[in-house]
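Visitor: Starting off with a structure, shown below.
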Amino acid sequence: MTLLFHSASDDARAWTAELNRRLPDLEVRVTPDIGDPADITCALVWKPPPGLLAGLPNLRLILSLGAGVEPLLEDPTLPDVPLVRMVAAGLAEDMAGYVTMEVLRWQRHADAYAAQQRAGQWRQLPHRPAAEVRVGLLGLGELGAAAARALVALGFPVAGWSRTPRTLPGVTALHGPDGLATLLAGSDMLVCLLPLTPETRDILNRNTFAALPRGAVVINAGRGGHLVEEDLLAALESGHIAGASLDVFREEPLPAAHPLFGHPLVHLTPHVAGVTHPGPCADHVADTIRRHRAGDPLPNLVDRRRGY
Ligand code: NDP
Ligand code: OXD
């Protein structure tokens, strides 16, 4: 079996080594050294150029290096073969860690203390206990659930919003339009972990911010397309939103001159909230390939009509 690997941001050598440790007979070819395209039956990719996969006549399986697959679904030539997204322990742990880090950053005044340290100041700032800081999660899937579990363990009251009804121990689970209104009204911190679909695009907008309590914090680790950046800047300016942590942007890399970059109320990271580490994530890829070879049902299949 021959697998094509394509990613500008993942380590092809590390992935090849991890895959071959689990599947010694798998031949891995890395773009641009494709060889004969007819040899390739499987592709492991992140943001392949449109048309790349359509040029593989014997492709039978597409594995996404990302949990979010909208870059693939945007390619009108994407071959109609099973598309499996990334669901792996390392990724979920990373995301739970990022969300916890950002929630604690705002609750415990981490940036203010860092500034005080640089200025040689010793000043204690009052903070609300975790039990009084309500966190609302948009998205209660693999990553939202992992983040919810981590926050519940720290004593934060957590509510989560999904498309269909979900249950999760210790979490107030809401869904649908009424559920969204309830979640927003009761969120001191709002975390977006949604997939980017036509329904969720621009969901972090002025109406959403207005529905949050004054002084709320917004954390976006879903996709840049969820956030209407001008609306966030206006809500920060008015003081309705007290701060934001942003990991994903409409344009990546974010241009250095962008107003979010130097904003004093914005904490910014370069799309690293949940990283697809080759070690733990290769287990998921190898397992999917084994199942595909055996003709078994595949887990984590993308529903193309649903968009995630
Ligand atoms: P899942 O598919 O497991 O979960 C998605 C969740 O969003 C589900 O709870 C789903 O509802 C909900 N959802 C989808 N559409 C809607 C809607 N219209 N209304 C309400 N809820 C909706 O995805 P993951 O948790 O694995 O990943 C989520 C996203 O995180 C990815 O798509 C990607 O965009 C982003 N991501 C970001 C990373 C980063 O580094 N910043 C890294 C990895 C992922 P339901 O449960 O009913 O299906
Ligand atoms: C992903 C991502 O979707 O890295 O996995 O954003």
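The values are calculated or read from the model by the stated rules, or taken from the named source; none is laboratory data. If you're wondering where the values come from, they're calculated on a predicted model, not measured in any experiment. In this analysis, Cβ positions are derived from the backbone assuming ideal geometry, glycine residues included, and neighbour counts consider all displayed protein chains.
Visitor: With the requirement that a residue be more than 16 Å from ligand 2 (Cβ to nearest atom) and surrounded by 21 or more Cβ atoms within 10 Å (Cβ to Cβ), what does the range 136-149 give you?
Guide: Gly136, Leu137, Leu140, Ala148
Results for (1) free of Cβ contacts under 8 Å to residues at least 12 places away in the same chain; (2) away from ligand 1 (no atom under 13 Å from the Cβ), shown as yes or no for each residue.
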| residue | (1), (2) |
| --- | --- |
| Leu44 | no, yes |
| Gly55 | no, yes |
| Leu61 | no, yes |
| Asp80 | yes, yes |
| Ala89 | no, no |
| Glu93 | no, no |
| Val103 | no, yes |
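Visitor: Look at Thr167 and say whether it is more than 16 Å from ligand 2 (Cβ to nearest atom) and free of Cβ contacts under 8 Å to residues at least 40 places away in the same chain.
Guide: Yes; evaluated as a whole, the condition is true for this residue.
Visitor: Ok, one more. I'd like to check something: does the range 120-131 contain any residue that is without any contact (Cβ under 8 Å) to a residue 12 or more places away in the chain, more than 17 Å from Leu193 (Cβ to Cβ), away from ligand 1 (no atom under 16 Å from the Cβ) and surrounded by 12 or more Cβ atoms within 10 Å (Cβ to Cβ)?
Guide: No, the range 120-131 has no match at all.
Visitor: Right, another one. How many residues, within the range 252-286, are more than 15 Å from ligand 1 (Cβ to nearest atom) and loosely packed, with under 14 Cβ neighbours inside 10 Å?
Guide: Residues in the range 252-286 being more than 15 Å from ligand 1 (Cβ to nearest atom) and loosely packed, with under 14 Cβ neighbours inside 10 Å: 8 in total.
Visitor: Would you mind finding the one in Leu190, Leu174 that is assigned by TED's automatic domain parsing to the domain that holds Gly222, under 23 Å from Leu91 (Cβ atoms) and either away from ligand 2 (no atom under 16 Å from the Cβ) or modelled with pLDDT under 95 (or both)?
Guide: Going through Leu190, Leu174 in turn, just one is assigned by TED's automatic domain parsing to the domain that holds Gly222, under 23 Å from Leu91 (Cβ atoms) and either away from ligand 2 (no atom under 16 Å from the Cβ) or modelled with pLDDT under 95 (or both): Leu190.
Visitor: A further question on this structure: Among the listed residues Gly243, Gly274, Gly307, Gly279, which satisfies the condition of being away from ligand 2 (no atom under 15 Å from the Cβ), of a type outside the set (Val, Ile, Thr), closer than 23 Å to Leu138 by Cβ and touching an Asp or Glu at 6+ places or on another chain (Cβ under 9 Å)?
Guide: Selected residue: Gly243, the only one of Gly243, Gly274, Gly307, Gly279 that is away from ligand 2 (no atom under 15 Å from the Cβ), of a type outside the set (Val, Ile, Thr), closer than 23 Å to Leu138 by Cβ and touching an Asp or Glu at 6+ places or on another chain (Cβ under 9 Å).
Visitor: May I pose another question? Can you report the number of residues in the range 150-170 which are crowded, with 18+ Cβ neighbours inside 10 Å, closer than 19 Å to Val217 by Cβ and of a type outside the set (Phe, Trp, Tyr)?
Guide: Of the residues in that region, 6 qualify.
Visitor: Continuing with this model, one more query. I'd like to know if the range 147-163 contains one or more residues that are under 25 Å from Pro71 (Cα atoms) and either away from ligand 1 (no atom under 14 Å from the Cβ) or not assigned by TED's automatic domain parsing to the domain that holds Ala235 (or both).
Guide: no
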